[in-house]
Structures are given as C-alpha cells and as structure tokens.
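Single-structure report; data block below.
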Amino acid sequence: MSKVCTSPVKRFAGTVVISDPLSYPQLLRFREALDATTLVKEKADGDPDWVSVNHAALPGVMACVEEYHLQGFPEHPTLETGPDAFPSTPPQSASRLLAWLVNEINALMAEAEPDPNE
C-alpha cells in the first residue's frame, strides 16, 4: 500500500505517491542520501550551497517516490540532465518541494517506529 501526499508547493501543485512500506534498498538509499547531505553541510562550515545539498538528497527521495503527479513536473524524473531531469528551478520552489519530500519520507519512517516509551 502506498501513501499519496499533496504538495504544499504552489509551483508544483499536485500529488506524489510514496512507497509504504519502504523496502530495505529504498531505506538504505534514503539514509545514504541524508548522510551525504550532512557531509555537504559539514564541509561548507555552516554556509552550505543549496544546490549541493539538494543534489545529495535527490537519490534517496527518488528511490522512495513511486509516482509524481505535479504541475510542470516530469512524469518520470531522472537524476540526469534533459527534459525529464528533476527540476532545480525556480530555486525556492524546487528546494521547498525537495525538503517537503524528505520530511514526508522521514514522517513515514517515524510512523513505522514503535514508541520506546510504550
């Protein structure tokens, strides 16, 4: 069963379908991507380049999203360049979309974790 999420980003209005539950390969790719974003931020010494941070997060997000139904967005985005590339512009909207996707996937993982206080 998958999870349908509605985008809060006006420029990319619509929905995405996130795998639920995530497979081990998906979870591993997502965690590796988050680790990569942390490294980019650490190397930047407090002033990370948003392009590098977003680029590091992309493989993990793309591994977990099954479908994109977003306005002005490729149906099957890739990590490569060209018409099907995951959009990086307009910069604020693209960054907000990616941050939202990371948060949705993190929330999905948190749902699956038992409360250690129970």
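Among the residues of region 1-13, those that are hydrophobic (A, V, I, L, M, F, W, C), in a loop (DSSP other than H, G, I, E, B) and surrounded by 14 or more Cβ atoms within 10 Å (Cβ to Cβ) comprise Val9, Ala13. Each residue in region 39-61 was checked for being more than 20 Å from Ala94 (Cβ to Cβ) and not hydrophobic (A, V, I, L, M, F, W, C), and 4 of them qualify. Cβ-Cβ distances below 6 Å connect the following pairs, each with a first residue in region 78-99 that is within 24 Å of Pro8 (Cβ to Cβ) and touching a residue at least 60 places away in the same chain (Cβ under 8 Å), a second residue that is of a type in the set (Val, Ile, Thr) and surrounded by 11 or more Cβ atoms within 10 Å (Cβ to Cβ), and a separation of six or more residues or different chains: Ser93/Val9; Arg96/Val9; Leu97/Val9. Within the bounds of region 100-111, is there any residue that is modelled with pLDDT under 95, in contact with a Lys or Arg (Cβ under 7 Å, 6 or more places away or on another chain) and not basic (Lys, Arg)? Yes: region 100-111 contains one or more residues that are modelled with pLDDT under 95, in contact with a Lys or Arg (Cβ under 7 Å, 6 or more places away or on another chain) and not basic (Lys, Arg). Considering the conditions (1) of a type in the set (S, T, N, Q); (2) farther than 24 Å from Leu108 by Cα; (3) over 14 Å from the mean Cα position of the chain (by Cα), Ser23 is excluded by exactly one of them, (2). Selection of region 12-53 for residues being in contact with a Phe, Trp or Tyr (Cβ under 9 Å, 6 or more places away or on another chain) and under 13 Å from Leu98 (Cβ atoms) yields Phe12, Val16.
Which residues, taken from region 35-58, are aliphatic (A, V, I, L, M) and either free of Cβ contacts under 8 Å to residues at least 12 places away in the same chain or surrounded by 15 or more Cβ atoms within 10 Å (Cβ to Cβ) (or both)? Listed by number, the residues that qualify are Ala36, Val40, Ala44, Val53, Ala56, Ala57, Leu58.
The values are calculated or read from the model by the stated rules, or taken from the named source; none is laboratory data. Keep in mind the model is a prediction, meaning the values are calculated, not measured. Backbone-built Cβ (ideal geometry, glycine too); neighbour counts: all protein chains shown.
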